[in-house]
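I have placed the structure first, in the form of structure tokens, so that the comments after it can refer back to it.
The values are calculated or read from the model by the stated rules, or taken from the named source; none is laboratory data. Owing to the predicted nature of the structure, the values given are computational and were not obtained by experimental measurement. Backbone-built Cβ (ideal geometry, glycine too); neighbour counts: all protein chains shown.
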Amino acid sequence: MWSGVARLLGLSKDEWPRAWPLAAYLFLTTAGSVASKATRDALFLDRFRAVDLPYVDIAIAVLVGAAVALYLRAYRWLSVPALQIGSLCLFAASCVGFWWLSGRGGDGRVVFIAIYLWVGVFGALAPMQVWTLANFVLTTREAKRSFGIIGGGGILGWIVGGLATSLSASWLGAESLLLWVGASLLLSTGLVHLVWRRSFATAARW
């Protein structure tokens, strides 16, 4: 069955086992990014004015630059899968921590500023990691055939993430979306491991 799907999509039997986990990885991170952005906007604007948004957006730009610089330096000491799995676990733990802090009650203005800034950094880094991994495990020729499938996972993530956000927020509240995002990030760690393991299995056959 899956070999037929691979042929239909123009992929070889060696490319499909790596393409679909990468597409699923981008789907989960994109859906999580959409849900987390909806959460941060709802929580932030409930306690701050819209005119305050440019200040936190400027802070996000600075933080993303610093985070990317640290991320690139970390490649000197960690392997690609270890760095990605570690960062995904850190993001997931942050989701749970912010969910717990947001539910404690009180004013919580500092917490919601932190959530807004964290989502900005997470939304920039998490999808980027998918393409970084793809560049490591796919050759140029394989990438030409696979990137369309992988990108389709991101498009589907935007659609499903928006739908899940509207349903979950209305039933369970905006804070509950943080747990949903954390779960999607933990699932992504398994996909990173799967892609990396299959890339070595393919190289061994060569």
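So here's what we get for this one:
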| item | result |
| --- | --- |
| Hey, Thr39 touching a helix residue (DSSP H, G or I) at 6+ places or on another chain (Cβ under 8 Å), under 30 Å from His193 (Cα atoms), at pLDDT below 85 and of a type in the set (S, T, N, Q) or not | yes |
| Every pair of residues 6+ apart whose Cβ atoms lie under 7 Å, when the first sits in the stretch 179-199 and is farther than 20 Å from Pro17 by Cα while the second is β-branched (Val, Ile, Thr) | Leu179/Val96; Gly182/Val96 |
| Complete set of residues in the stretch 58-102 that are exposed (fewer than 14 other Cβ atoms within 10 Å of the Cβ) and either touching a strand residue (DSSP E or B) at 6+ places or on another chain (Cβ under 8 Å) or among the hydroxyl-bearing types (Ser, Thr, Tyr) (or both) | Tyr75, Ser79 |
| Candidate set from the stretch 1-29 (those that are aliphatic (A, V, I, L, M), modelled with pLDDT under 75 and not in a loop (DSSP other than H, G, I, E, B)); member that is surrounded by the most Cβ atoms within 10 Å (Cβ to Cβ) | Ala6 |
| Residue identified as at pLDDT below 90, of a type outside the set (A, V, I, L, M) and surrounded by 15 or more Cβ atoms within 10 Å (Cβ to Cβ) among Gly105, Gly173, Gly123, Gly154 | Gly123 |
| Selected residue [under 16 Å from Val192 (Cβ atoms) and either outside any loop (DSSP other than H, G, I, E, B) or aromatic (Phe, Trp, Tyr) (or both)] from Trp131, Trp77 | Trp131 |
